[in-house]
Amino acid sequence: MSSPAHPAGDSSEKSTPHAATGGPNRRQALERRLKDARTDREAYFELAAIYRSEGRPMQATKILKQGCEVFPDDLDLLWEFEEAQLARSIQQLTEVREMAAKAKNAAFDQDLDRCSMDWANCRVKVCRARLNRDPSLQHFRLVLGEALYDLEKHAEAINELEPLLANDNHSSAAAYWIGKCHLVLGSDIESMHWFRIASMRRSVTSPPKVRIAALRMLIDLAERHGVAATHELYKSTLASVLESAHVHHT
């Protein structure tokens with residue numbers, strides 16, 4: 001889920017507790033093991049990690065679901081089950097996008113829309129579940145807000161993002177997405193207010209990706225409304241940010 005608000009694939013700050021260390025022989029041994037001993041907790045983690053390393057998140061989802069049924073109060077298993085669900089959803093979307101790009105026609109439009117909605121709904125489900133379990137995981141509000149935006153639930157997205165405005169680490173990205181929501185809702189002036197917060201505040205340093213995205217939105221809006229002076233200000237600010245970002249990457 002690539003966006004100015006967060007890096008692609010950054011669905012959690014939690015690391016996978018078990019890395020994949022086995023090949024086909026180890027996988028087969030673990031599959032046999034779990035048929036005979038459903039209460040081998042570690043085997044669920046290891047087998048799921050192997051499935052993930054093989055690009056088989058659906059199988060990882062199935063085995064972790066079984067683990068969650070055996071250990072219903074195990075939050076680590078639940079977390080990995082959610083990760084596998086996310087991985088499977090984005091895999092399906094990626095596969096359909098690739099097929100649509102090769103076909104270069106509308107044959108896959110319905111499948112692409114369905115997979116996009118499934119991906120957004122999966123993020124909403126997982127983020128809300130994690131926030132309910134641990135409200136301190138505030139970074140998931142950004143993922144939730146973007147997913148709701150993708151589902152065209154803009155007012156709901158704004159409500160989920162607003163609590164992040166008091167958090168210096170996430171306020172700029174939250175302001176950016178709130179601005180995007182207001183823009184879709186037809187409030188250009190309100191959206192410009194939020195894009196300025198995302199890009200022009202001196203009290204909070206915005207991540208370069210967020211500043212660049214917000215400034216580009218401001219440039220487009222200022223041009224649309226014929227505000228020449230602010231249009232030039234936003235262009236010069238963007239040029240400065242881009243130059244600074246280039247310097248830091250060289």
Practice task
Examine region 211-234 for a residue that is touching a residue at least 12 places away in the same chain (Cβ under 8 Å), in contact with a Gly (Cβ under 6 Å, 6 or more places away or on another chain) and hydrophobic (A, V, I, L, M, F, W, C), and state whether such a residue exists.
Solution key: no
Exercise for the section: Search region 57-113 for residues being more than 25 Å from R27 (Cβ to Cβ) and among the charged types (D, E, K, R), and hand back the single one that is modelled with the lowest pLDDT. Expected result: K104
Practice task
May I ask you to verify whether T230 is at pLDDT below 95, touching an Asp or Glu at 6+ places or on another chain (Cβ under 9 Å) and surrounded by fewer than 19 Cβ atoms within 10 Å (Cβ to Cβ)?
Solution key: no
Practice task
Can you run down the residue pairs with Cβ atoms below 6 Å, 6 or more apart or on separate chains, where the first is in region 81-101 and over 13 Å from A120 (Cα atoms) and the partner is in a helix (DSSP H, G or I) and among the acidic types (D, E)?
Solution key: V96/D111
Handout entry: Candidate set from region 197-247 (those that are of a type in the set (A, V, I, L, M) and not in a helix (DSSP H, G or I)); member that is farthest from I178 (Cα to Cα)
Key = V227
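Is it true that some residue in region 150-163 is outside any helix (DSSP H, G or I), modelled with pLDDT under 95 and closer than 30 Å to L131 by Cα? Spell out how you get there, then give the answer.
Let us first name the residues in region 150-163 that are outside any helix (DSSP H, G or I), namely 151-153.
Still in the list and also modelled with pLDDT under 95: none.
No, every residue in region 150-163 fails to be outside any helix (DSSP H, G or I), modelled with pLDDT under 95 and closer than 30 Å to L131 by Cα.
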Exercise for the section: State which residue is surrounded by the fewest Cβ atoms within 10 Å (Cβ to Cβ) when the search covers only region 110-124 and only residues that are free of Cβ contacts under 8 Å to residues at least 40 places away in the same chain and within 21 Å of C181 (Cβ to Cβ). Expected result: D113
Practice task
Pull up region 147-193, narrow it to residues that are under 22 Å from H225 (Cβ atoms) and among the aromatic types (F, W, Y), then point me to the one that is surrounded by the fewest Cβ atoms within 10 Å (Cβ to Cβ).
Solution key: W177
Practice task
Could you tell me whether region 179-189 includes any residue that is within 14 Å of the chain's Cα centre (by Cα) and either polar (S, T, N, Q) or assigned by TED's automatic domain parsing to the domain that holds S206 (or both)?
Solution key: no
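The values are calculated or read from the model by the stated rules, or taken from the named source; none is laboratory data. All of these numbers come straight from a predicted model, not from anything done at the bench. Glycine also receives a Cβ, built like all others from the backbone with ideal geometry; neighbour counts cover every protein chain displayed.
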